[in-house]
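Step one of this worksheet: look at the structure below.
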Amino acid sequence: MNTDERHRLIGALLRRREHVTVDELMTACGASGATIRRDLDVLALHGVLRRVHGGAMSLVMGGENPEYGQRELEDHAAKVRIAAGVAAMLQDRGHVWLDSGTTATEIARQLSKREMTIMPMSLRAVSLLCPDDAPAGRRPDVLMPGGSLVPGELSFRGPMTESNIRSLRFDAAVLTPCALNLKDGLLAHDLDDAAVKRAGLESAARVIVACAGSKWDASAVALVASLDAVDAVVTDRQLSPEEHAQLAQHSVEAVIV
């Protein structure tokens, strides 16, 4: 089991349990105590868990929203497939608004060698689109939205961000909602995030939603927009005939990856 696999397994265990010990993780991962302790130290730095004597405590068992580091470990293979699906739908030399979050980061990775103009909503995406050691060749032009940065998430928020988004017109907006359901539509965990997402979709000719199956019918409190504002949903969820029919009623294309 490599490092990424161990980190994802530890993150998954702490989604279901309040506490795990080093000994338990040694058995689950087939790794030495020294390796597990290094893993826990790294994951603690990324906000995935809290280090305690002899093991680690979950940060999400109390019902609070998981931090970026925790979410980055979850549904990774699905997010990679979703990112590839979204990238295939975007035209070269187009202007794209790109949401923040872990799925958006994977989409930025897919677009890092594409010839297009992108306004990303997080510094994590910016770092992938504008690497220090980028070789010569095709790469996107990046527009910075300005505004305030959310600690940990490194995403842009606030009136300046919203104003700069609305001052432009994009060929496509790629949204990564915190939750999606067929009754309400797209949801976010807080009003500031919802406002930025709404500015992005209202400034674009086409709206593509990138949404892992775990986000469907998840809990979130701030409404972004109904499905009437969406043109396509890219997801790993295997939709039922009834769900396909409901999306079709809103003229939403479903792309299953």
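The values are calculated or read from the model by the stated rules, or taken from the named source; none is laboratory data. Please read these numbers as outputs of a predicted model, since none were measured by experiment. Cβ sites come from the backbone with ideal geometry, for glycine too, and all protein chains shown count toward neighbours.
What the table shows:
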{"item": "Test for Ser127: is it hydroxyl-bearing (Ser, Thr, Tyr) and either crowded, with 18+ Cβ neighbours inside 10 Å or more than 24 Å from Lys79 (Cβ to Cβ) (or both)", "result": "no"}
{"item": "Which listed residue, of Asp171, Asp192, is part of a helix (DSSP H, G or I), in the same structural domain as Ala88 (by TED's automatic domain parsing) and acidic (Asp, Glu)", "result": "Asp192"}
{"item": "Residue selected from region 141-161 under the condition within 19 Å of the chain's Cα centre (by Cα) and among the charged types (D, E, K, R), by the criterion nearest to Ser112 (Cα to Cα)", "result": "Glu153"}
{"item": "Count of residues meeting criterion [out of contact with any Gly (no Cβ under 6 Å at 6 or more places or on another chain) and either farther than 16 Å from Gly200 by Cα or not in a strand (DSSP E or B) (or both)] in region 212-232", "result": "14"}
{"item": "Members of region 168-206 found to be closer than 20 Å to Thr102 by Cα and among the polar types (S, T, N, Q), listed by number", "result": "Thr176, Asn181"}
{"item": "Residue in region 3-15 that is at pLDDT below 85 and surrounded by 20 or more Cβ atoms within 10 Å (Cβ to Cβ) present", "result": "yes"}
{"item": "Scope region 203-237; condition of a type in the set (S, T, N, Q) and either at pLDDT below 95 or not assigned by TED's automatic domain parsing to the domain that holds Ser167 (or both); matching residues", "result": "Ser214, Ser219"}
